[in-house]
Structures are given as structure tokens and as C-alpha cells.
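Just so you know, all these numbers are worked out from the coordinates, no wet-lab data involved. Everything numeric in this text was worked out from a predicted model, so none of it was measured. Every residue, glycine among them, receives a Cβ derived from its backbone with ideal geometry; neighbour counts consider all protein chains shown.
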Amino acid sequence: MSGPVISTRDVRYNEAKKVTQVGTLGDTVLTFGKIIIGLMAGSAALVAEGLHSGADLLFDLVVLVGMKIARKKPDEGHPYGHGKFEGLITLLLAAILLMVAVGIVIDAVHRMGEENLVAPGQLAFWVAMISIGTKEALFQYTVRVGRKLKSNIIMANAWHHRADSISSFAAMLGIGGALMGYPILDPVAAIAVAFFVSKVGFEIGHKAVKELTDSTEAVDEEIREQINRIIHEIPEVISAHFVTPRQLGPDIIVDVHIVVPMHLTVSEGHQVAEKVKFGLLREVVSITEVVVHVDTEDDMVRNVPILATRQEILAWILSEMPTNQPIIRVIRLQPNYSHKGIHLDLVLQVNETCSLAEIHADAKKLCDRLLTSDKGIVEVRTSIGSVEKRKAESESTTP
């Protein structure tokens, strides 16, 4: 009996969930430890650090909720999935961080205006040192997982840990300076912490806006280069344009226009599109949907004009072609469209009693008349169908 099948996406989610849960545990301890000891020791810098760690804790919880929502399967109301909810939640957190930074600055300025400012206790200094080591360890662990999974929200969480580590260092310097006889340095350090908090809030908010507005820059540059390489490795693809990867939480959706040779049939063009689609889905794990538009020219440079259809061209030939001539009928007609006009391929059935010279002359007349018609035809290529093969086929199907 085989066990349950675990998809690559489930593995990625479980790994992202694990690293976030580890961060949540660390941030919970640091938040309550900094705030409680900061209040006991009278350190504005350490209390500000506690609020920063509280914002980290909130971010961890938001990441867990965001990843769970983003993992929901597409439904009728959300055909591309729920990935953008992750971006929305990230943007909300950015706003909270900016408000926390403003609150820290207001409190620090208020403390700087107090008379008889007292230096904090030594315990605050040691807590700040412990925080630096803890947050740096969390950063190293989280950034490694974020790079592996190519996850913007995990990377944002990693740099959030690093920002807290740096701000803890600033708090440690401020507390140390206050202990050395300069108590004003403690609230000054709190303002420095607020700067780091606001910087992180702005950066992750900026990334969230890029994702929510479908900016290609929201997708990692390395992945964008990989997408272009995979597309152009397919021999039938002449070029690609309008390559637009979009980030939807942990997932990427790609829209691309590919240029293929003009003479390919519809089924051949579809086959090339499928190669592009499944090549991207196979090589880039985070890509969950690919939409491929097949062109015969770069329609971003110039538009292909609307010209006569196959039926209109055939009707014109039937109305103009004389009867009892070397050319009996058109077996197959294949128009190929470009910005210059129609490149027409014709397979003709001819009268076997006519000479080759008569057939060529009649075919040339037909080509000349097509080229001078009002159908937008710029090239005509003709060939003669196999009459014997067609007769054999008809005989084999006769009851």
C-alpha cells in the first residue's frame, strides 16, 4: 500500500510554514522579554525594541495566515487562485510598521523633554545583546529558506529579522551610552530603532504594491531570466515578446506571445505553445499557470491587417476561374497572414489530358489574377495534387 502523495507545492508550503513558526517562537520570547525588562529597567530604547519585535511577531502571524489563504485552490470567483491575499496582508503589515515607528518617535521625543532623565539598568543592555544574536540567527535561517523557495513574503520576513537585529544593536549602543553617563542616548537610540522599523515597513510595502499592481519587477530577476531562456530554447520559437510574469503570493503566472514560422499550421502552432507552457511549468516550480499567444510576427511592433478569409479567397477563385481549363479545381488552400499581406499556398487538381506547358500557363494566369485582386495577396505558391492517390482513396471508401 502506497502512502499519500505529497506535491512539490505542499513541500514548499510545509518548509515555509516551519521557518515562520520558528520565527514566531523567537519573536514571542523577545517581544515580552524586551517590553517587560525595558519597563522594569526604564529603557525607552528597549521598550521600542520590544514593540519592534511585537511587529515582527505580528508579521509572523500574518505570514502564516497569508500563506494559508494563498494556498487555497482556484475557484469560480478567483480563477487564478488566492495569491494576492498574501500581498494585501503584507501591505497591511507595512502600514502597521509605519504607525509603530511614528509611535516610537513620539514617545522618545516626549522622554527627551523630561527633566532628570535617568539611565536604564544594566539588564536592558544584556537583553539587547541577546536580541542581536537571536535575530541574526533567525535571519540566516529564514533568508536561506526564502531564497530556496523564491518566496517574497518569506524573504520579507527574513529582512525583518535582520532589521530587528540592526535596531537591537542601535538600542544596545544607546543603552550603553546612557549607562556611561549620557542618559539622553537611550531615547535617541529609540528614534534610531524607529528609523529601521519605518525603513522595513516602506520596503515591504513597496514590494507588496508591485505585486498587487502586477508589476513584472515583483518577480525575482533570476526567475525572469530563466523564463526567457526556457522559451527561446525551443527551436520553433523565433522570438518572444510581451513576456509578463506576475507574482501572486507564492505563485507566478506567465503570459507570453511567441513568434513562430508563418507556414506552420494551427495544430503545429498549438504544439509549440504547449512545449512553451509545459517547459516553464516543469523547470520553474513557482509557476502555476502559463498563457501562450502564438503569433507569426511581433504584433507589438506592427499590427497584422484584417484581410480576406480562406472562404472569401476560395469563393473568389471559384467565381473567376473558367471551366474546362487545365486547372479543374482547388484541392487545398492555405493563406498565411503577415503585415505585408497574404502569402497563399494552393494545391490544384489538373486535367490529365492537358500538357505540362498548358497547366503551367493556366496556373500562372490564376496567380497573376490573385495578385492583382483586391484580396491583399502578395505571394502565391502552387503545387499539383496527386490524382491517382485521390482516385485510390475514393475507390477504397466506396461500399
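Looking at the chain, send over the antiparallel percent of its DSSP beta bridges, to the nearest 5.
Details: 17 of 32 bridges.
Once the DSSP bridges in the chain are tallied, antiparallel ones form about 55 percent.
Got the relative contact order for the chain handy, in percent, Cα pairs under 8 Å and 6 or more residues apart?
Numbers: 632 pairs, mean separation 50.6, N = 399.
It comes to 13 percent, rounded to a whole number.
Figure the gain on full extension for Thr372 and Glu320 (residue separation times 0.36 nm, minus the Cα-Cα span) and round it to one decimal in nm. Don't skip to the end; give the middle numbers.
Working: separation 52, 0.36 × 52 = 18.72 nm, distance 1.26 nm.
Extra length available between Thr372 and Glu320 comes to 17.5 nm.
Write out the chymotrypsin sites (Phe, Trp or Tyr not before Pro) in the range 145-249 meeting two conditions: DSSP loop, and at most 10 other Cβ atoms within 10 Å of their Cβ. Mind dumping the intermediate values first?
Values: sites: Trp159, Phe169, Phe195, Phe196, Phe202, Phe242; in loops: none.
Hits after loop and neighbour filter: nothing returned.
Compute the long axis of helix 152-179 from its Cα atoms, compare it with the longest principal axis of the Cα atoms of the chain, and write down the angle in degrees, 0 to 90, nearest 10.
The angle comes out at about 20 degrees.
Helix 387-397 versus the longest principal axis of the chain: what is the Cα-based angle in degrees, 0 to 90, to the nearest 10?
80
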